[in-house]
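Colleague: This structure is in structure tokens; I'll ask about it shortly.
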Amino acid sequence: MANKHQGSCLCGRVKYELSGDFQSFFLCHCIRCQKDTGSAHAANLFSKASTLTWLKGESDVKTYQHPNSMHAKSFCQICGSALPTIAESINSAVVPAGSLDSIISIEPTAKIFVGSSANWSRNLDNVPSYEELPGQVKN
Ligand SMILES: [Zn+2]
Ligand SMILES: [Zn+2]
């Protein structure tokens with residue numbers, strides 16, 4: 001029996017279940033992923049021959065296919081959260097890690113397109129870390 005994974009968007013209108021296993025987990029630093037996440041990289045899990053079921057809110061799911069490329073992004077049209085996309089060309093579901101509510105049991109496979117990475121995202125090891133919002137956010 002295939003493993004089941006559940007996920008949802010930030011506003012909660014969309015919920016999904018993926019039946020299948022994840023074979024790979026890529027942190028993609030390409031320019032397109034920087035634009036579409038607004039962050040340093042996308043974090044996507046790939047699952048071949050899996051079944052994606054929208055448990056609710058399917059009509060609020062929109063998919064943007066970037067012209068002349070494999071880059072696509074599904075998202076909730078209410079809150080903008082990233083949601084899974086079926087990539088027909090590789091027969092895989094592409095699942096944004098942050099959209100999952102269930103535990104992710106595999107470690108990231110690799111960082112990819114690091115040659116395009118944002119200059120500010122390359123040396124983060126020495127950036128101060130806080131458990132929560134620090135008392136003084138602005139200096
Ligand atoms: Zn939403
Ligand atoms: Zn990318």
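The values are calculated or read from the model by the stated rules, or taken from the named source; none is laboratory data. Quick caveat: nothing in here was measured; it's all calculated off a predicted structure. We place every Cβ from the backbone using ideal geometry, glycine too, and count neighbours over all the protein chains shown. Keep in mind that these areas ignore ligands, DNA and RNA; they rest on the heavy atoms of the full protein, side chains included. Shrake-Rupley method; radii C 1.70, N 1.55, O 1.52, S 1.80 Å.
Colleague: Find the relative contact order for the range 4-117 and round it to a whole percent, using C-alpha pairs within less than 8 Å whose residues are 6+ positions apart. The partial results should precede the final answer.
Modeller: Working: 251 pairs, mean separation 39.2, N = 114.
Relative contact order, the range 4-117: 34 percent.
Colleague: For Ser117, what is the net charge nearby, where nearby means another residue's Cβ is under 14 Å from its Cβ and Lys, Arg count +1, Asp, Glu -1? List each step's numbers first, then the result.
Modeller: On the way: positive: Arg32, Lys35, Lys111, Arg122; negative: none.
My count for the surroundings of Ser117 gives +4.
Colleague: I'd like to check one number: the per residue accessible area of the range 12-139, probe 1.4 Å, reported in Å² as a whole number. Display every interim value, and only then the final one.
Modeller: Details: 8440 Å² over 128 residues.
Heavy-atom accessible area per residue stands at 66 Å².
Colleague: Please return the longest range in the chain lying between exposed loop sites, taking trypsin sites (Lys or Arg not before Pro), DSSP loop only, at most 13 other beta-carbon atoms within 10 Å, and leaving the sites out.
Modeller: It runs 1-121.
Colleague: Okay, next question. To the nearest 20 Debye, how big is the dipole of the range 4-117 about its Cα centre, given +1 on the beta carbon of each Lys and Arg and -1 on that of each Asp and Glu?
Modeller: Numbers: 10 positive and 8 negative charges, 40 e Å.
So the magnitude is around 200 debye.
Colleague: Continuing with the same structure: Residue by residue, what Karplus-based ³J(HN,Hα) values in Hz, rounded to whole numbers, does the range 119-126 have, using 6.51, -1.76 and 1.60 with θ = phi - 60° and x for Gly and Pro?
Modeller: With the stated coefficients, the range 119-126 comes to 4, 6, 9, 8, 10, 9, 4, 9 Hz.
Colleague: Quick one: with all protein chains in place, what share of the accessible area of the chain is carbon or sulfur, to the nearest percent (1.4 Å probe)?
Modeller: Carbon and sulfur: 51 percent of the exposed surface of the chain.
Colleague: Once every DSSP H run of n ≥ 4 in the chain is given -39500 (n - 2.57) and the sum is divided by its residues, what mean residue ellipticity at 222 nm do you get, rounded to the nearest 500 deg cm²/dmol?
Modeller: -1500 deg cm²/dmol
Colleague: Any chance you could run the full-extension gain for Ala49 through Ser121? It's 0.36 nm times the residue separation minus the Cα-Cα distance, nm to one decimal. Let's see the in-between values first.
Modeller: Working: separation 72, 0.36 × 72 = 25.92 nm, distance 3.36 nm.
Here the answer is 22.6 nm.
Colleague: Something else: Assuming 0.36 nm per residue, please report the length gained on full extension of the stretch Lys111 to Leu133 beyond their Cα-Cα distance.
Modeller: Working: separation 22, 0.36 × 22 = 7.92 nm, distance 2.75 nm.
So the chain would gain 5.2 nm between Lys111 and Leu133.
Colleague: Hey, in the GNM for the chain with a 10 angstrom Cα cutoff, which one of Val95, Val114, Val14 fluctuates hardest?
Modeller: Looking only at Val95, Val114, Val14, the biggest GNM fluctuation is shown by Val114.
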